[in-house]
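The values are calculated or read from the model by the stated rules, or taken from the named source; none is laboratory data. If you're wondering where the values come from, they're calculated on a predicted model, not measured in any experiment. Please note: Cβ atoms are built from the backbone with ideal geometry, for glycine as well, and neighbour counts cover all protein chains shown.
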Amino acid sequence: MAAVAAFVGTAALAVILSRAPAHSDASLSSEITSPACATSGLEAWLGLSTPAGADGTGMRHTVGIYYTLEFTNISDRACSLEGYPEVSAYAGRQAPGGQAGGPIGGAAIRDTSVRPEPVTLAPGATAHSVLRVITAGPVPARSCARVTAEELRVTLPREDRPAFVPVHIPVCSAGGRSSLSVQAIQPRAGIPGHSLAPGP
């Protein structure tokens, strides 16, 4: 519980891939008419979480804490996103500008409660995916060995180059087990506690 309390309420953390203009909403289109968003043209950042029991600003469940993983188009052209980002917890970088540490546990599983739809991002627009950090479950703590992840490795749909988002969250380090689940990318910036569809 002490480990969970340490990261709940963490301020929003961002990785800036280039300078960003003002944020605005994303639009949902019936088909993709813009090129896929490139990692270099997006800012990826993790939204706020709130303490257990807080109302109206966040969601806290016995099996997980929900964040919004945000994607802002910081390029000067419209681009599109569709599907699930690939997300993995990582140890911190060994030194400023150095290589990222290794992965912790398994990659995030897909939460299929939200249907994937194409999302077009105008310059400055933001879309989001809901990320759940599982804090309890059937795996005994002694076999899970929770450790603190300092980064999330995020790879966009139809992209090979990942982005690294700084975080400070406890995750299960057991090989092949994941402490994370992620929903498909949705239009508009996400607000914790509002319109978040719980995972299974």
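For the stretch 58-109, what are the residues that are modelled with pLDDT of 85 or more, of a type in the set (Gly, Ala, Ser) and within 22 Å of SER40 (Cβ to Cβ)? SER75, ALA78, SER80, GLY83, SER88, listed by residue number. The residue list PRO162, PRO166 contains one member that is touching a strand residue (DSSP E or B) at 6+ places or on another chain (Cβ under 9 Å), surrounded by fewer than 17 Cβ atoms within 10 Å (Cβ to Cβ) and at pLDDT 85 or above, which is PRO166.
Screening ALA184 on (1) within 30 Å of ASP76 (Cα to Cα); (2) at pLDDT below 90 shows it passes everything except condition (2).
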